[in-house]
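Just below is one structure, and these are the notes that go with it.
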Amino acid sequence: MAEWLYEDGIGERRAALVEDGEIIEARIERDGEGPRVGAVVPARLVEAGRGARVTLDLPGEPQATLASVPPGTSIGARLNVEIVRMALSERGRDKPARARITDAAPTDGPDLRARIAASGWPVTEVSQNGPDRLEEAGWSELIDRVRTGHVPFPGGALWVDATPAMLLIDIDGEGDAFVLAKAGGAAALRLVRCCDVGGSIGIDFPSLAGRAERLAIDALVDELLPQPFERTAINGFGFLQIIRRRERPSLIEQVRFDPVATDAALLLRQAERAWGSGALQLAARPAVADHIAAHPQWIAELQRRTGRPVELTRDVQVKGVGHAQ
């Protein structure tokens, strides 16, 4: 039976739904990502009419867009708003959160731990003091594949690119086109589910000459991808488009569009599990070291969890995540 593995990391919470030793869904929630879906936040109206906006009463005064505002509401009016879509990062631009006016009292909204508990699957909490069950299930390998956009499968590989218009997945490989389309399609749909991809998704299949083969691929999508979603039929050029609800950033967006935060979280995770005594030494490229240094509460928490003083070093020779010892 599947179970959620949940880890309350430093600067990042992470969860993986694992079945038969394989991660089938992966989620992360980072400090500073902004208000969650379901949060109710006091706000001030700064722009009315079409494209209405509010400034949220939160550190940094982030903005959110509103679908509608009651007639006669004046600029500067105080409102409570519910977040219906979190702020998103895309290549070359950021999108503010989306909200709606509500009479409900302020609340933070359900966090990652609450959301996975509501899924109905059992939740097992893991810590740095026990077996690294996330790593045993392939956590680092998954993050690396998401980061590079290269996801191998038997007989081929996926190439994944997150564009402002849609997430594009290209199925690449050799051999019989229908066999490749089925294997690649299954891998692409597993990735969409695993990374909680929402919005518009385009999958480029090998061109299939026969209508029966294209209908079989359509049926494969309906079988493997959990509802709700909408899709087109695969066309003669092998392209199929899927639309899924988009409420928060996908794992792909979180990893690809914030590589510094990604590496900082991985380094802190590595540091929590480092063996030894004396000072815990973290070496990272300057951007990652600076990001960690800008959050002294993370360093304090790392010292508390490990019982070791922490020394953070900026090293221009270090590539990628860095190392802790």
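The values are calculated or read from the model by the stated rules, or taken from the named source; none is laboratory data. Note that this is a predicted model, so its numbers are computed, not measured. In this analysis, Cβ positions are derived from the backbone assuming ideal geometry, glycine residues included, and neighbour counts consider all displayed protein chains. Surface areas here come from the heavy atoms of the whole protein model, side chains and all, with no ligands, DNA or RNA. Shrake-Rupley method; radii C 1.70, N 1.55, O 1.52, S 1.80 Å.
Data for the structure
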{"read-out": "Leading residue by the ranking (farthest from the chain's Cα centre (by Cα)) among those in the stretch 50-90 that are over 25 Å from Leu112 (Cα atoms) and charged (D, E, K, R)", "value": "Arg78"}
{"read-out": "Enumeration of residues in the stretch 155-185 that are open to solvent by 40 Å² or more (accessible area, probe 1.4 Å) and either aliphatic (A, V, I, L, M) or more than 21 Å from the chain's Cα centre (by Cα) (or both)", "value": "Gly155, Ala165, Leu168, Asp172, Glu174, Gly175, Asp176, Phe178, Val179, Lys182"}
{"read-out": "Members of the stretch 306-316 that are under 16 Å from Asp290 (Cβ atoms) and not acidic (Asp, Glu)", "value": "Val310, Leu312, Thr313, Arg314, Val316"}
{"read-out": "Of all residues making up the stretch 31-46, the number that are more than 17 Å from Arg85 (Cβ to Cβ) and part of a strand (DSSP E or B)", "value": "4"}
{"read-out": "Flag if Val197 is touching a residue at least 12 places away in the same chain (Cβ under 8 Å), of a type in the set (A, V, I, L, M) and more than 15 Å from Leu240 (Cα to Cα)", "value": "yes"}
{"read-out": "Unmet requirement for Ala52, which otherwise passes all of (1) crowded, with 17+ Cβ neighbours inside 10 Å; (2) touching a residue at least 24 places away in the same chain (Cβ under 8 Å)", "value": "(2)"}
{"read-out": "Residue among Arg245, Arg211, Arg231 that alone is open to solvent by 60 Å² or more (accessible area, probe 1.4 Å) and either touching a helix residue (DSSP H, G or I) at 6+ places or on another chain (Cβ under 7 Å) or of a type in the set (Gly, Ala, Ser) (or both)", "value": "Arg231"}
{"read-out": "Residue in the stretch 15-28 that is free of Cβ contacts under 8 Å to residues at least 60 places away in the same chain, aliphatic (A, V, I, L, M) and surrounded by 17 or more Cβ atoms within 10 Å (Cβ to Cβ) present", "value": "no"}
{"read-out": "Filter result (more than 15 Å from Asp8 (Cα to Cα), free of Cβ contacts under 8 Å to residues at least 60 places away in the same chain and open to solvent by 60 Å² or more (accessible area, probe 1.4 Å)) within the stretch 105-151", "value": "Ala118, Gly120, Glu141, Asp144, Arg145, Thr148, His150"}
{"read-out": "Filtered residue count, the stretch 211-229, keeping only those that are out of contact with any Lys or Arg (no Cβ under 8 Å at 6 or more places or on another chain) and farther than 19 Å from Ala186 by Cβ", "value": "1"}
{"read-out": "Verdict on Asp315 being closer than 29 Å to Pro164 by Cα and of a type in the set (D, E, K, R)", "value": "no"}
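One line per residue, one yes/no per condition, for (1) touching a residue at least 60 places away in the same chain (Cβ under 8 Å); (2) over 30 Å from Leu168 (Cβ atoms); (3) open to solvent by less than 50 Å² (accessible area, probe 1.4 Å):
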| residue | (1), (2), (3) |
| --- | --- |
| Arg44 | no, yes, no |
| Pro59 | no, yes, no |
| Pro62 | no, no, yes |
| Leu66 | no, yes, yes |
| Asp94 | no, no, no |
| Ile101 | no, yes, no |
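Conditions (1) in contact with a Gly (Cβ under 6 Å, 6 or more places away or on another chain); (2) open to solvent by 60 Å² or more (accessible area, probe 1.4 Å); (3) farther than 30 Å from Leu180 by Cα; (4) not in a strand (DSSP E or B), marked per residue:
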site	(1), (2), (3), (4)
Ser207	yes, yes, no, yes
Asp218	no, no, no, yes
Gly236	no, no, no, yes
Ala271	no, no, yes, yes
Asp290	no, yes, yes, yes
Trp298	yes, no, yes, yes
Gln317	no, yes, yes, yes
